[in-house]
Amino acid sequence: MKAAMERARRLIGRLSAAIQTIFGLPNYGAYLEWHATFHPGEAPLSRRAFYDRHLKDRYGRGGLRRCC
Amino acid sequence: MKKIFSILLWTVISILGALAFAVLALNNGETISAAWLIIAAVATYAVAYRFYSKFIAYRALGVDDRRATPAEIHNDGKDYVPTNKWVLLGHHFAAIAGAGPLVGPILAAQMGYLPGTLWIIIGVVLGGAVQDFVILFLSMRRDGRSLGQIVRDEIGPFSGFLALIGIPTIMVILIAVLALVVVNALKGSPWGTFTIAMTIPIALLMGVYMRHLRPGRVLEGSLIGLALLLLSLWLGQHVAAHPYWSNLFTLSGTTLAQLMILYGFTASILPVWLLLAPRDYLSSFLKVGTVLLLAIGILIVLPPIHMPKMTRFVDGTGPVFSGDLFPFLFITIACGAVSGFHSLISSGTTPKMIQRESEARMIGYGAMLMESFVAVMAMVAATSLTPGIYFAMNSPAAAIGNDAATAAAKISQWGFAIDAQTITQWAKDVGEQTILSRTGGAPTLAVGIADTFSKFMGGFKAFWYHFAILFEAVFILTTIDAGTRVGRFMLQDLLGNIWRPLGRTESFGANVLASAIIASTWGYFLYQGVTDPLGGINTLWPLFGIANQMLAGIALSAATVILIKMGRARYSWITFAPLAWLLAVTLTAGWQKLFSPDPAIGFLAHAQTVANGIAEGRLIGPAKSMADMEKMLFNDRVDALMTAILIFVIVGVFLDAMRVCYQALIAKRKLELKEAPFVLSSGAQT
C-alpha cells in the first residue's frame, strides 16, 4: 500500500514536471536539483527570486516568442 | 523476418493513403466521411516521417549523436537544459501551435475541401516540416542562435538588416489580423464579451497569487484561474439573458477594437507578473486544450463532409477572400502547411534543450506534422457544416446583406441552398443574436466544435459554442499583449541607436512611448479592418499570409546557403524546392495585390477607383462622406506600401543568398561556416 502510494506520488511529480517543461513554466524543484549538482555549497535563489528571474528571462528583451 | 514485416506494413500504409486520396479526389457529389481526409493525412505523414525525414536527417544534414548538443555543453539549469525528447516535442508543439492553422483552412474551405487539404498535406511534408526541422538543426549546431543572427552570420549583414525589418512587420500584421478575428467573434455577443472581459480580473488575481501569496506556484495559480474562467463562462449565459447587463456587454466592432488597443498598450507597460504572465500561462493551457478538444470531437464523431470537393469559387470570385486558387489558396493557408513564423521558434528555446542531435528529427519534423493535422481538423470542422451556413458566417455583409432573408436568398443563388429560418435557428441554437458575417474563422470553428460536441454530449450547443469561443479568444489575445511587448523591445532596440535613452527598457518614459507607437501601428490596421465593408479579413489575411511565407522564404534561403557551405550542395534541393515554390507564390500574390486591375484584388486599382470617385464627387461603397473616401484612399496606399516592403525584403534576401551560393559553387571560394566547434558527447561510445 505504502509502496503504491509512493509510486503514485512519484508519477504525479514526474507528470507535473513534464507539464511545466512543456508549457515553459518555472520548476523550482528542478532548479534546486541542478543547483545542488553544479554549485554544491552555495546558497540557491529563494522561491520568489527564482520566479522573478524566470519572468525576466521569459518576458524580458529577446525572451518572448509567439507564434501565429 | 522483421524486415519483411516492415516492408509489408509500409506497403499497407501507402496503399491505404493512396486509396483515401482516390476517394477524396474522385468523389462526385455525395457526402463522404471525414475519416477519408484523416486517413489520407495520417498515412502521408507516416510515410514522409519514416522515409523523407530520415533521409534529410542522415543523408542531407548528417546528424551525429557523437557530437554534444548545446544543452549538454552549457547545461546552465536555465535556458540550456537537456530535456526528454517526448517532453520537448510537447514543448515545441505548444510553442508553434496557435490560431493560424485553425483560421486559414476555414477561409480556404470556400473553394471546397480538396484544394486546401491537398496543400496542407503536401505542403507540410515537403515544405513546412522541412523548414522547421532544418532550422532547428542549424540553430542547434550554433548554440541555439536566433534566425536573425543565423541570417546575418551565414548570408550577410544586408540580409540580416532586411530580416530586422521583416520580422517586426509581420508581427504588426499578425497582431492586427488576430485581433480582428477576436473582434468579429465578440461583436454583438454579450456572452462572449463578458467571459473574455472577466479574464482580465482573473489574470490580475492569479498574478498577485503567484508572486505574493504563493511565489512561483504557477500550476496552482493556473488551476484556480481555469476554475474561475469556467465559472465566468457559466455566468456569461445569465449576463446575456439579463436586459441591463446584456446591453452593457453588447459592443460594436469599433468599440471592441478601441478597447483592445488600450488593452495591448496597458499590458505592455504594466509589470509582467501582474497581467501578462498569468494570462500567458492560462492561454498556453487553453491553446493545447482547444486543439485536443477539436481532435477528440472529430475523431469520435467522424462527421460527414457536406462541402463539395471544389466549389465554383476556385475561379477567384469567392466572398471569403478574393483571388484565384493560385496563388491565393497558398497564402490563405500558411500555418499548417508552411509557416515562416516557426523558424523563429525553431531557433528559440527548443534547440537549447535537445539531448541528442538525432532527436531534432522527431521534434522539428514531428511537431510540424502535428500542427498540420490540426489544420486538417479545422478543415473538417468547416466543411462538415452545411455549406449555406458556412457562407452565411464567412461572407462579409457587403456580399450577403444584414438580415437572414437577404443572406439566404443570395447564398442560395450561389448554389448553396439555405433558407432564412435555418440561419436564424442556428444563431438561436448557439445563443447568439446573429451568425451572419462572423468572418475570421474562429466563430465557424466554434460552431463546428459545438455541433460536433452536442452530437455526442446530447445538446448544450450554446454552451459548447461559447466554450470554444472563450478558448480561442483567450489564446489569440495573448498574441496581442505579448506581441505588443515584443514589438516594443524591437522598436526600443531601433530607437536606442538614434538616441540612447529611448533604448532603455527599464525607463518608464521610453517604455510608454515605444508601447504607444507599436499599439497604434497595429491598432491602425485593426481599425481599418473593422471599418472595412468587406470585413477586413479579406484585406488583412492575404497580407498576413504573404508576410508569413516571406519569413519562410528568408529561413529557407539561409538553410540553402548553409547546406551549400557545408559542402552538401547536392542535397540543397531539399530546401531550395520549397523556397522556389514559396517565391512563386508570394511574388505572384504580392504582384497581384499591388497591380491587379481588379479593384477587389489590387490595392492600387482600388485606390484608383476611389480617387476617381473623389474627383467626380461620387461616393463609393461604404463611404458616407468625402472624408471617408479620403480615408479609404489612404488605407489602400498604406496596404500597397506594406506589400511592397514585404516583396522588397524577400527579393533582397533571396538575391543576397544567391550571391553567396554563386561564390561557393561557381567562383569556388572557400566560405567559412559559422558552426559551433565539435565537442565529443560524454554519452558517445569511443
Subset of the range B:301-347 [part of a loop (DSSP other than H, G, I, E, B), more than 17 Å from B:Tyr390 (Cβ to Cβ) and open to solvent by less than 10 Å² (accessible area, probe 1.4 Å)]: B:Gly323, B:Ala334, B:Cys335, B:Gly336, B:Ala337, B:Val338, B:Ser339, B:Gly340, B:Phe341, B:Ser347
Of all residues in the range B:22-46, how many are out of contact with any Pro (no Cβ under 8 Å at 6 or more places or on another chain), open to solvent by 60 Å² or more (accessible area, probe 1.4 Å) and at pLDDT below 95? 3
Answer yes or no: is there a residue in the range B:47-55 that is in a helix (DSSP H, G or I), at pLDDT 95 or above and charged (D, E, K, R). yes
Scope the range B:410-448; condition among the small types (Gly, Ala, Ser) and assigned to a loop (DSSP other than H, G, I, E, B); matching residues: B:Gly415, B:Ala417, B:Gly431, B:Ser437, B:Gly440, B:Gly441
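A quick yes/no check of all residues on (1) within 30 Å of B:Val474 (Cβ to Cβ); (2) open to solvent by 10 Å² or more (accessible area, probe 1.4 Å); (3) of a type in the set (Val, Ile, Thr):
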site: B:Ile96; (1), (2), (3): yes, no, yes
site: B:Gly104; (1), (2), (3): yes, no, no
site: B:Asp143; (1), (2), (3): no, yes, no
site: B:Ile167; (1), (2), (3): yes, yes, yes
B:Gly487: in a helix (DSSP H, G or I), surrounded by 24 or more Cβ atoms within 10 Å (Cβ to Cβ) and within 14 Å of chain A (Cβ to nearest Cβ), yes or no? yes
Residues located in the range B:39-76, provided they are in contact (Cβ under 8 Å) with a residue 12 or more places away in the chain and polar (S, T, N, Q): B:Thr44, B:Ser53, B:Thr69
For the range B:74-90, give me the residue count where each residue is over 24 Å from A:Pro40 (Cα atoms) and of a type outside the set (A, V, I, L, M). 4
With the structure loaded, tell me whether B:Arg211 is among the basic types (Lys, Arg), in a helix (DSSP H, G or I) and without any contact (Cβ under 8 Å) to a residue 24 or more places away in the chain or whether it fails that test. no
Only residues that are within 9 Å of chain A (Cβ to nearest Cβ) and assigned to a loop (DSSP other than H, G, I, E, B): list them for the range B:95-113, please. B:Ala97, B:Gly98, B:Ala99
When you go through (1) farther than 19 Å from B:Leu477 by Cβ; (2) away from chain A (no Cβ under 14 Å) one by one for B:Leu223, which number turns out not to apply? (2)
Filtered residue count, the range A:48-58, keeping only those that are at pLDDT 90 or above and under 9 Å from A:Pro26 (Cβ atoms): 5
Can you name the number of the only condition in (1) open to solvent by less than 40 Å² (accessible area, probe 1.4 Å); (2) in a helix (DSSP H, G or I) that B:Trp234 fails? (1)
Tell me, yes or no, whether the range B:598-606 has at least one residue that is part of a helix (DSSP H, G or I) and among the acidic types (Asp, Glu). no
Looking only at residues that are in contact with a Lys or Arg (Cβ under 8 Å, 6 or more places away or on another chain) and not small (Gly, Ala, Ser) in the range B:178-199, which one is farthest from B:Leu275 (Cα to Cα)? B:Asn184
Out of B:Ile498, B:Ile476, B:Ile449, B:Ile517, report the one residue that is touching a Phe, Trp or Tyr at 6+ places or on another chain (Cβ under 9 Å) and β-branched (Val, Ile, Thr). B:Ile449
Please go through the range B:503-550 and pick out each residue that is over 24 Å from B:Gly98 (Cβ atoms) and in contact with an Asp or Glu (Cβ under 8 Å, 6 or more places away or on another chain). B:Gly503
Considering residues that are within 13 Å of chain A (Cβ to nearest Cβ) and part of a loop (DSSP other than H, G, I, E, B), the number found within the range B:56-88 is 9
Taking the stated definitions as given, is B:Ala407 at pLDDT 95 or above, within 25 Å of B:Asp532 (Cβ to Cβ) and part of a helix (DSSP H, G or I)? yes
When (1) at negative phi; (2) surrounded by 24 or more Cβ atoms within 10 Å (Cβ to Cβ); (3) in contact with a Leu (Cβ under 7 Å, 6 or more places away or on another chain) are applied to B:Tyr571, the one that fails is (2)
Are any of the residues in the range B:182-195 open to solvent by 40 Å² or more (accessible area, probe 1.4 Å), under 28 Å from B:Tyr465 (Cα atoms) and among the charged types (D, E, K, R)? yes
Output the residues belonging to the range A:1-26 that are within 20 Å of B:Lys78 (Cα to Cα) and part of a helix (DSSP H, G or I). A:Gly13, A:Arg14, A:Leu15, A:Ser16, A:Ala17, A:Ala18, A:Ile19, A:Gln20, A:Thr21, A:Ile22
Could you say whether any residue in the range B:611-618 is over 21 Å from B:Pro157 (Cα atoms), of a type in the set (Gly, Ala, Ser) and in contact (Cβ under 8 Å) with a residue 12 or more places away in the chain? yes
Enumeration of residues in the range A:1-36 that are open to solvent by 100 Å² or more (accessible area, probe 1.4 Å) and either more than 26 Å from B:Lys287 (Cα to Cα) or within 14 Å of another protein chain (Cβ to nearest Cβ) (or both): A:Met1, A:Lys2, A:Met5, A:Arg7, A:Arg9, A:Arg10, A:Ile12, A:Arg14, A:Leu15, A:Glu33
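Residue-wise test of (1) out of contact with any Gly (no Cβ under 7 Å at 6 or more places or on another chain); (2) aromatic (Phe, Trp, Tyr).
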site	(1), (2)
B:Gly459	yes, no
B:Phe463	yes, yes
B:Val474	yes, no
B:Thr478	yes, no
B:Arg485	yes, no
B:Met490	yes, no
B:Asp493	no, no
B:Gly503	no, no
B:Phe508	yes, yes
Please go through the range B:237-254 and give me each residue that is of a type in the set (A, V, I, L, M, F, W, C) and either free of Cβ contacts under 8 Å to residues at least 40 places away in the same chain or part of a helix (DSSP H, G or I) (or both), ordered by number. B:Val239, B:Ala240, B:Ala241, B:Trp245, B:Leu248
Scanning the range A:40-51 for residues that are within 9 Å of chain B (Cβ to nearest Cβ) and open to solvent by 50 Å² or more (accessible area, probe 1.4 Å) gives A:Ser46, A:Arg47, A:Arg48
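The values are calculated or read from the model by the stated rules, or taken from the named source; none is laboratory data. Just so it is clear, the model here is predicted, and its values are computed rather than measured. Ideal geometry is used to build each Cβ from the backbone, glycine not excepted, and the neighbour counts take in all protein chains shown. Heads up: the accessible areas ignore ligands, DNA and RNA and are worked out on the full protein's heavy atoms, side chains in. Shrake-Rupley method; radii C 1.70, N 1.55, O 1.52, S 1.80 Å.
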